[in-house]
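Laboratory data are not the source of any read-out in this text; all were calculated from the coordinates shown. Note that this is a predicted model, so its numbers are computed, not measured. Note that each Cβ is placed from the backbone with ideal geometry, even for glycine, and that neighbours are counted across all protein chains shown.
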Amino acid sequence: MALNLKYVCQSMAWIMLAVGCLGAASGQNSAKTSQTAPDNTRMNDRDKSGTEATADQQKENSSDRAITQQIRKAILQDKSLSAYAHNVKIVTQDGNVILKGPVRSVEEKKAIEAMAIAVAGEDRVSSQIQVASK
């Protein structure tokens, strides 16, 4: 039995359109009931000021990179942390670590700080991590 290719293509287009409309409609309803999307615009604007340490200012020496990599690896391996926590900024300059960004709880903040201290040492970690409001 031969199928008419034009008919099959038109049918598929209608199905895709219907599914897309259903998805968009359900997305609108769920957006009203779910929490708002994360917005770090204010923090990113603060980092543009020139007085804040940013990742692009990190030295390209192997020891600073290794410290940052070890801390990032420890953070990412902890699956109990939120996406916010997994995306904390880590800037290492001359062995000194600066942690920045929002996390979901005080517990996450303490956990990340402890990971950084374990790698770099207590006197070498400066935390600017903020607990985001829910």
- Task: Scan around V125 for amide H atoms under 5 Å from its own, H built in the peptide plane at 1.01 Å from N, and keep only partners 5 or more places away or cross-chain.
- Result: V97
- Note on the structure: Residues whose modelled amide H sits under 5 Å from the amide H of Q93, counting only those 5 or more places away in sequence or on another chain, are I98
- Per residue, what volume in Å³ does the convex hull of the Cα atoms of region 64-134 enclose? 68
- Task: Sort T92, T68 so that the residue with the fewest other Cβ atoms within 10 Å of its own Cβ comes first and the one with the most comes last.
- Result: T68, T92
- Diffing region 100-107: the Karplus 3J(HN,Hα) column from phi (6.51, -1.76, 1.60, θ = phi - 60°), in whole Hz with x for Gly and Pro, holds 9, x, x, 10, 7, 8, 5, 4
